[in-house]
Every structure is written in structure tokens, then in C-alpha cells.
Amino acid sequence: MDEVESRLIRCFSSVFPDLTAEQIRAVSVESVPAWDSLAAVTLVAVLQEEFGLQINLIDLPELVSFAGVQNYVRKHKSAS
Amino acid sequence: MNLIEALEILRQAVPEDAHPLRVFLACGFTPLHLETFLAAHLRKRMLQERIEVKTGLFGDLAGSIERLQTSGCDVLAVVIEWQDLDPRLGIRSLGGWRTTDLPDIVKSANQAVSRLEQALRRGASSIPICVCMPTLPLPPLFTTPTRQAGDYELQLRQLVASFAASISNESSIRVLNSQPLDELSPPHARLDVPSELMAGFPYKLPHASAIAGLLAALIQNPTPKKGLITDLDDTLWAGILGEVGTEGISWDLDKHTHMHGLYQQFLGSLASAGVLIAVASKNDRVLVAEAFERRDMILSKENVYPFEVHWSRKSESAQRILKTWNIGPEAVVFIDDSPMEVAEVKAAFPEMECIAFPHNDYQAIWDLLKRMRDLFGKNIISEEDSIRLKSIRGAGALREARDVSGDSSDDFLQSAEASIRFTFGKQATDSRAFELLNKTNQFNLNGKRLSDAAWKTYLNDPATFLMTASYEDKFGPLGKIAVLLGRIQGKAIRIDSWVMSCRAFSRRVEHQSLKQLFQKFDAEEIYFDYKATPRNGPLQEFFTGLLGAPPITDLRFSRAAFSGRSPSLFHRVEEVVNG
């Protein structure tokens, strides 16, 4: 697990405290009922804070799974 | 605190026996992360409480407050933003910013403030309320350039300032001070435009955390410290008195020692607000007395009691001062320029706040004054605050008189010329009575504490009564020293809470209080909700004296039994009925 992944797991864990690290790696909007609009907004805020990103809320459709979030963060983190 | 930390704090387990603290957060916008931050800051401050933050309908701040069922919460936190006064003062509304709209915006803001004020005052009769006035920048809707304040903008700011000043007079309302918020959260870094437009949450996260942190402190409302023990040399004044003499010490601009003058001025301010000030100094007593006679001394010697000036350890001085004041070390701040003395006192009294006075560091002294204001700051200056020092001096005089007469006999009490004023009236705003109930340990019927909300609920019950007692004798006034909460049940009285300040011990105030109750309510019996606590020994001794045996739970006295065992009482008694 690299540094970005471990920080991402901490972010997800703070929003979805009932999930294990293993479950978080496979998580998506469809698989977790708790991933509602409030959780989505909270997750975006946590990610922005943790990685110093400015996430546009119109990018939300990309951020619907751990894998999608990881791709997004790696892409924008390297761009910033 | 950042958001991830806040979420992690909220995941931590709460002790099973934690007392719930139910906070209602009212705001016109989506509370989102403000709710999270508020709960986390409260949790961090109040580890023994189970924090529950509830929110109302968004978009209707005044309505949320008006509909609030105060019985379901302990504290109301209100966060107002400009758009709550008129939606056009936010950025989600497109109601118009034409020049012709501006007078109407000010007018509707006035109406909104009136409605909010009414709702807050109504709520304040039941629960404590903490209010945060608008913190966001006003949008650029005015005709003047942003660098220039225009008429309508100033009218709006004046409206909010007047509103804040007006409600801050309510004893149950605490208004968040914008000055520390400005220090924590720069005004230009508060509004999150994308978040406001897309999620309805207008704050950048650090700003939300700053507001929540200050609101949590306001809600917690820590008990202010009661006494300050100060050193003299290089603290109250610059210079070593024993070396430079009375005229060599200074606290003025010319000698670049002005911060010591500010410190003196600050202590004078504390003393005027009822804070006890004592001196602990390794010094020559005669020289110190001469120094306090200097005409330019800012802190009057009348504001200081006692003076502990000798060459013994500072912890011994602190011990004697605590005994004279009759308060615990946790209620006292010790200030000395010597880190060694600070460490010595701290080792003797770990609960005492011990602070090193900064040496030749103006900025650090300024920061110290601000820190001390936070330690000693209080909502209201009560009548008791104004007489506290006098009553402690009086108690000292009384002790001395007793020592001279050699006993505490009837003769002595008769000669004390004591008077007691019993007041019956259920004033929820009686902050002194509420304070006594929640801080008194030794003469305390059962150790029960009441939250602000529970206090108001109790007093709103038509079957209950509140009796307070104020005492004065020839040695000086003690102010309000006893509080009794009870209910009438036919010919019986049930006492739910009874506390008396230890300052009033040995004056038979407790006997006179019961006598007063029997007479006032023509009662035949008094039942006590008594419970022994680790600290209510003096109350147990009182009951043991009356009963002839240690008290048990479900304690009661008949009128006849009390009359037969009560000692002689010499007080002049006055009864006042309020409301």
C-alpha cells in the first residue's frame, strides 16, 4: 500500500467508519447504502482537506468508487 | 481541527454513564460540516458528556427557533448569516440588487432581526442560548466601491451590532465575540462560493471549525477562576524592591516598564469584578507597605487581601491565602516572574494554574492579559462579586474576635448583630443562586447539580419554591449565602436541594432557615432528599447535632422535634417575596 492509498483509506474510514480497509478498497456507491449525498459531500470535503485539492462538485460522477476516487486524486494531485 | 479529525473524534467511544448534552443547532443554511465540527469540538471539551447535536429546518432560521421544543434540548446554538436577514444578502438568491432594492433589503433585515430577537428572548426563558452573528462578507450589492462603506451597508452592520448588544443583556444568552474569530479565521478566507452554490454550505472548512470551536467553548462556559496570587518584583512592578528601593521600582512609559502598569490596571479591573487578589512575595514587609503607599500605584492596596510578604516558600504563602479565601487551588491562578517559584507552587498545588510572568516581553505580557481574561471572564457581575472581598475581610475579623473572646457561645453570636434576609421568588435569572447550587460541596443536601435547563424547568413547576438567604453582621455582609429548593405537599415540605456557602458556617443560618420554612408555610414536617457525599461532612454534622445521631436517607423533622433541639437564634429576620 503506498502513501496515497493509505491516506485515502483514512479518508474513507472517517466517512464510513463501519468498513474495514479491505472493504474500503472495493467500495462503491452501489455497494454501500451509507454512501448517500451527504456522505458524498463529506467525502469530497475530507479529500480536499487531506490532499489540498479543489474538487469541483461537477466531478462527483467520477467519484463513485474507491478506485474512481483513487484515480482522480492521483491525476489531480500530480497536476497540482 | 480538520474535518477528518472531527469525524474520527466522533467515532470514539463515549463512557456508558456519560451524561447527555443535547444541543440544538439552528442555522439557515445546510449545517453539514458545521454540525460535525460542533459535535467534535464539544466532545473534545466535555469528555464525560454524550454530545447530541440536532438541527432544524434549513432556510428558516427564525422559524426553527420558534418551533423549538426546549424540553428536548439543553442548549440552543444559533448561527446567523446575512441571508437569514434577507435572502438577497446571500449569493443563492436572485431577488435583485438594484439600487431601488437596497432600502427594501434594509427594511426586511430590520423585520427579520425583530422576529429573531423575539424568538431568542422567548427561548432564553427556558434554556441557555449561544449566538453567532453574521461572519461572512456581505456580497458586492452596494453601489459604492468595496473599499468604501456605503450608507446601506453601514445601516445593516449597525442593525446587527445593536441586535447583538440588545440580546447580550439577557442572562441566558451568550453572544460569540467576533474578535477571537477574526484572529482564528481571516475574513477573506471564510466564504466558500462553490460549496454554497452547489451544496448550500457557505463556509470553508477552517472557518466552520473556528466557529464551532468558539461556540463549543461558549456552550461549555467553564467556571471562571476566583482568585489571583501575584508576585511583586518584576511582576507587579519592574525592579527588585529590596535593591532599588521604593522610588526605584517603576511601571511607566518613561522607564519602558509600562506593561507592569497595564498588569496593575488589569488586576484592578479583576478586583472590581469580584476576583480576589493576594500578594505572595519574598520581600521586606515594611518596604512593600511603603511601595503600596506610592501615589502613582495603579493597584490599590484595598484591592489586595491578604499580603503574604516574608522569606518563606511561596507554596506556604499560597496555602495560607487559600485558607483565608476558603477556596480550592483549582479556582486560583498564581503568577510569578520566577520559573522556579512557579514550579514550586505548581508542585504543591497541581490543580492551580501557575503562570510565569514574561520578562521584558511586551507582546507576551499582552497575550498573558488576554489569557487571564479568558480564565477570569464571567457573564454577569453580581452583587456578591462586589462584596466578596469585604466579606472575606469580615470573616477574618470575626475569626479574630472569636479568638479574642475564646469561644463561639450564644453571647458572641448575640453580639454579632446579625441579620438574615430570606427571599422567596422563582427568579430563573438569579445567577448567584444557580452558581451556589452548582459549586457548593460541604453544606450540600445531596450533591446534586442542575443544568441551566433543569434549573429553569424546576422553577417553572408551580408546586416548587426557591428560598435564598442573605446574611450580614457587624463584621460585614456575606451576601447571598444559602439556597433552598423545595415543594409544598399539604402540611409537609419536601426539600430537594439545600446548599450554604462555607463562609456562613457557625452562624446558625441553617437553623434559622428551617425555622423560617416551618413558619412561612405553616408546615408540620420537613422531608429532606438527603444523601451523604464524600464532601458534605458539615451538613452531616448539622443533622447529627439536631438528631442526636448520624442522618440516614429519607430524613425528616417534625416541627416539634426541630423546636426542641434548635439552639438559640439571635438574627434579625426579614422576608422578601419576589413574584
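Simple rule: put +1 on each Lys or Arg Cβ and -1 on each Asp or Glu Cβ in chain B, find the dipole, and look at B:Leu299, B:Phe465, B:Trp455; the Cα lying farthest toward the positive end is B:Phe465. The calculated P(r) of segment B:227-376, using every Cα pair and 5 Å bins from 0, goes 2, 10, 21, 25, 23, 14, 5, 1, 0 in percent.
Compared with the alpha-carbon gap, the fully stretched path from B:Gln220 to B:Asp254 is longer by 7.9 nm at 0.36 nm per residue.
Each helix, a run of at least 4 DSSP H residues, gives -39500 (n - 2.57); summed and divided by the residues of chain B, these come to -13000 deg cm²/dmol at 222 nm.
Determine, from the Cβ-Cβ distance of B:Met198 and B:Asn326 and an R0 of 56 Å, the FRET efficiency 1/(1 + (r/R0)^6), rounded to the nearest 0.05. Walk me through the numbers before you get to the answer.
Numbers: r = 59 Å, r/R0 = 1.06.
For R0 = 56 Å, the calculated efficiency reads 0.40.
Counting other beta carbons within 10 Å of each Cβ, put B:Met372, B:Met340 in order, fewest first.
Values: B:Met372 22, B:Met340 10.
The fewest-first ordering by Cβ neighbours comes to B:Met340, B:Met372.
Bridging of B:Lys439 to aspartates and glutamates at a Cα separation below 14 Å is possible for B:Glu330, B:Asp452, once same-chain residues fewer than 8 apart are set aside.
Please compute the volume of the convex hull spanned by the alpha-carbon atoms of segment B:47-100 and report it per residue in Å³.
Residue-normalised Cα hull volume stands at 106 Å³.
Taking Cα centre as origin and charging only the Cβ of basic (Lys, Arg, +1) and acidic (Asp, Glu, -1) residues, the dipole magnitude of segment B:227-376 rounds to 380 debye. For the protein assembly as shown, the calculated P(r) over all alpha carbon pairs, in 20 Å bins from 0 to the bin holding the longest distance, is 15, 39, 34, 11, 0 percent.
Which whole-number percent gives the relative contact order of segment B:3-220, counting Cα pairs below 8 Å spaced six or more residues apart? Could you put the intermediate results ahead of the total?
Values: 339 pairs, mean separation 51.9, N = 218.
Relative contact order for segment B:3-220 comes out at 24 percent.
Assuming charge only on the beta carbon of Lys and Arg (+1) and of Asp and Glu (-1), the dipole of the protein assembly as shown about its Cα centre is about 1540 debye to the nearest 20. Think of chain B as having a plus end and a minus end, set by charges on the Cβ of Lys, Arg, Asp and Glu; of B:Ala216, B:Ala492, B:Val131, B:Ala492 sits farthest toward the positive end of this dipole.
Greater than 23 Å separation of Cα atoms is the criterion. Which listed pairs, B:Lys44/B:Lys204; B:Lys323/B:Lys515; B:Lys390/B:Lys520; B:Lys456/B:Lys515; B:Lys323/B:Lys448, meet it? Those over the limit are B:Lys323/B:Lys515; B:Lys390/B:Lys520; B:Lys456/B:Lys515; B:Lys323/B:Lys448. Relative to the Cα centre, the charge distribution of segment B:361-519, modelled as +1 at Lys and Arg Cβ and -1 at Asp and Glu Cβ, gives a dipole magnitude of about 440 debye. For B:Lys370, a cut-off of 14 angstrom between C-alpha atoms picks up these aspartates and glutamates, skipping any fewer than 8 places away in its own chain: B:Glu183.
Dividing the convex hull volume of the Cα atoms of chain B by its residue count, what figure in Å³ per residue is obtained?
Details: hull volume 108.7 nm³, N = 579.
Output value, Cα hull per residue: 188 Å³.
Working from the Cα coordinates of segment A:3-79, the gyration tensor eigenvalues give, after taking √(5λ), semi-axes of 18, 14, 11 Å in decreasing order.
The calculated FRET efficiency for B:Glu183 paired with B:Cys502, based on their beta-carbon distance and R0 = 30 Å, is about 0.15. The calculated FRET efficiency for the pair B:Glu524 and B:Ile380, based on their C-beta separation and a Förster distance of 30 Å, comes to about 0.15.
For GluC sites (Glu not before Pro), the sites in segment B:427-525 that DSSP calls loop and that have at most 14 other Cβ atoms within 10 Å are B:Glu524. Modelled label positions at A:Asp36 and A:Gln23, each set 7 Å beyond Cα in the direction of Cβ, lie 1.8 nm from each other.
Distance from the Cα centre of segment B:430-453 to that of segment B:475-511, in angstrom? Distance between centres, Cα-based: 12 Å.
No lab work stands behind these numbers, since they all come straight from the coordinates. These numbers were taken from a predicted model, which means no experiment stands behind them. Note that each Cβ is placed from the backbone with ideal geometry, even for glycine, and that neighbours are counted across all protein chains shown.
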